[in-house]
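*Asks:* Handing you a structure now.
The values are calculated or read from the model by the stated rules, or taken from the named source; none is laboratory data. Keep in mind that what you see is a predicted model, and the values were worked out from it rather than measured. Here Cβ is always computed from backbone atoms with ideal geometry, including for glycine, and neighbour counts include all displayed protein chains.
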Amino acid sequence: MIDNFGLLGTLLNEAGILQNPNQIGWLSNPDIVLFSVAVPDIWLTTSFMCLVLFAGLQNIPGDLIEAARLDGARAPSLLFRIILPLLRPVIAVALVVRGIDAARAFDTILIQTNGGPNPHPKP
């Protein structure tokens with residue numbers, strides 16, 4: 001099939017794992033098509049989400065963390081009782097932005113899969 005060419009298939013072929021670079025139908029196999037379209041989308045948005053969460057972490061006052069450590073708070077309770085509650089608004093904004101971005105991915109997935117893993121042939 002001509003629609004299965006790509007970098008990963010070629011690399012797996014060169015490594016001797018696949019006999020043919022077109023052996024795996026990344027976008028036509030119903031078992032792996034969701035994975036095949038989700039991984040590039042996650043790869044593209046992970047860096048932005050990390051930057052948003054990092055900016056939120058920068059806004060947590062160091063005095064609160066220092067006071068909690070002086071009171072004997074260990075890492076898990078520091079994370080779950082201080083850091084995550086203070087990051088809740090940042091996490092909410094990040095999830096809303098990511099949700100909107102995920103809804104915009106429809107056209108990319110449609111282009112990649114031609115309507116699904118088993119598209120109806122065009123007349």
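*Asks:* Mind checking which residues of the range 45-88 are in a helix (DSSP H, G or I), more than 22 Å from Gly99 (Cβ to Cβ) and of a type in the set (D, E, K, R)?
*Replies:* Matches in the range 45-88: Asp63, Glu66, Arg69, Arg81.
*Asks:* Identify, from the list Leu27, Leu44, Leu8, the residue that is of a type in the set (A, V, I, L, M, F, W, C), within 20 Å of the chain's Cα centre (by Cα) and within 13 Å of Thr113 (Cα to Cα).
*Replies:* The match here is Leu27.
*Asks:* Does Ser36 satisfy being in contact with a Phe, Trp or Tyr (Cβ under 9 Å, 6 or more places away or on another chain), assigned to a helix (DSSP H, G or I) and either assigned by TED's automatic domain parsing to the domain that holds Asp101 or closer than 20 Å to Ala105 by Cα (or both)?
*Replies:* yes
*Asks:* Just to verify a result, which residue in the range 14-44, among those that are polar (S, T, N, Q) and surrounded by fewer than 16 Cβ atoms within 10 Å (Cβ to Cβ), is modelled with the lowest pLDDT?
*Replies:* Taking the candidates together, the pick is Asn29.
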